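The values are calculated or read from the model by the stated rules, or taken from the named source; none is laboratory data. Keep in mind that this is a model prediction, so the values were computed, not measured. Every residue, glycine among them, receives a Cβ derived from its backbone with ideal geometry; neighbour counts consider all protein chains shown. Surface accessibility is based on the protein's heavy atoms, side chains included, excluding ligands, DNA and RNA. Shrake-Rupley method; radii C 1.70, N 1.55, O 1.52, S 1.80 Å.
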There are 2 protein chains.
Amino acid sequence: MADRQLYELHASICQTLANPKRLEVIDLLRDGEKSVTEIVEAMEISQANLSQHLTVMRQKGIVVPRREGVNVYYRLSNPKIIKACDLMRQVLLEHLQAGVELARG
Amino acid sequence: MADRQLYELHASICQTLANPKRLEVIDLLRDGEKSVTEIVEAMEISQANLSQHLTVMRQKGIVVPRREGVNVYYRLSNPKIIKACDLMRQVLLEHLQAGVELARG
DNA sequence: TCCTTATATTAGAATTATCGAACATTCTAA
DNA sequence: TTAGAATGTTCGATAATTCTAATATAAGGA
């Protein structure tokens, strides 16, 4: 596979992580699976909107669903996702300490 | 600082990485600084467009410029950025091997 | 100063992402 | 099989991103 395509796919993963709600979901799934209802109750988000975000993350292979009766439980597909997020979080915190201007937008 | 704000800043960093050209630039800077001209010549990109991407990355604290005469040399601000990118790349490759559908868009 | 090279900025069009609202689906229990 | 709870999908408005083209700025040399 060409490098260009790899960069595209890589960018696609980053794009999936580039949303505060989705990052919060990932953080919530850090220690194991949670049902949609559990996630909704832990966040300030509508069920429909969460479902949209979960769809995006599912399609990109970030999370994996498991249906159990009426509930659907989601988990992270790969523990390295948390590692990557934590690394970026470290970069962020180090920059904040260094006074780098990082305001969103 | 509130978690919500942290997630916003974190998303902002991911957003900055969520572009194939910018990822390619980061990869090019992996082993040390390069001038804008060097980067342009190593990629398929216009100078103006590269300058725009460098501006974004500069503002988000991903890269740091150093002017030397008429040239501006850019370097990564933090080696953890490469580590995070490499981790995500690993996740991507493992997913590809597992046959996960990751097509962009 | 004037010219040239290197880099940055702006404007505008096209594409893409986000969210609320409304609606659809799936499953279980009664 | 109908009701209700849990989850998913579609649509449309708004906002953000990306690129090209044109222009601007900065630095050095003749």
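For the reader, a short list of remarks on this structure follows.
- Counted by Cβ distance under 14 Å from residue A:68, the other residues give a net charge of +2, where Lys and Arg count +1 and Asp and Glu count -1.
- Mean Cβ count within 10 Å, highest first, over the residues of peptides B:77-88, B:57-68: B:77-88, B:57-68
- For region A:3-77: accessible area per residue (Å², 1.4 Å): 48
- Exercise: per-residue mean of other protein chain Cβ atoms within 10 Å, A:70-80: 2
- Near residue B:53: Cβ cut-off under 14 Å, other residues only, Lys/Arg at +1 and Asp/Glu at -1. The net charge is +2.
- Shielding by partners - mean other protein chain Cβ count within 10 Å, residues of B:20-29: 4
- Stretch gain in nm, segment residue A:35-residue A:71, where the contour uses 0.36 nm per residue and the Cα spacing is subtracted: 12.3 nm
- Inter-copy separations for residue B:66, label at 7 Å along Cα-Cβ, nm, ascending: 5.0
- Short to long, the 10 Å bins of the Cα pair-distance histogram for chain A hold 13, 42, 31, 13, 1 percent of all pairs.
- Share of pairwise Cα separations in the protein assembly as shown, more than 24 Å, in percent: 43
- Positive contributions from Lys and Arg (+1) and negative ones from Asp and Glu (-1), summed over other residues with Cβ under 9 Å from the Cβ of residue B:28, come out at -2.
- Probe 1.4 Å, all protein chains present, accessible-area order of A:27, B:3, largest first: B:3, A:27
- Look at the stretch A:33-44: the mean tally of other chain Cβ atoms within 10 Å of its residues' Cβ atoms is 0.
- Distance from region B:1-72 to region A:1-26 (C-alpha centre basis), Å: 16
- Apolar share of the accessible surface for chain A: 48 percent from carbon plus sulfur atoms, 1.4 Å probe.
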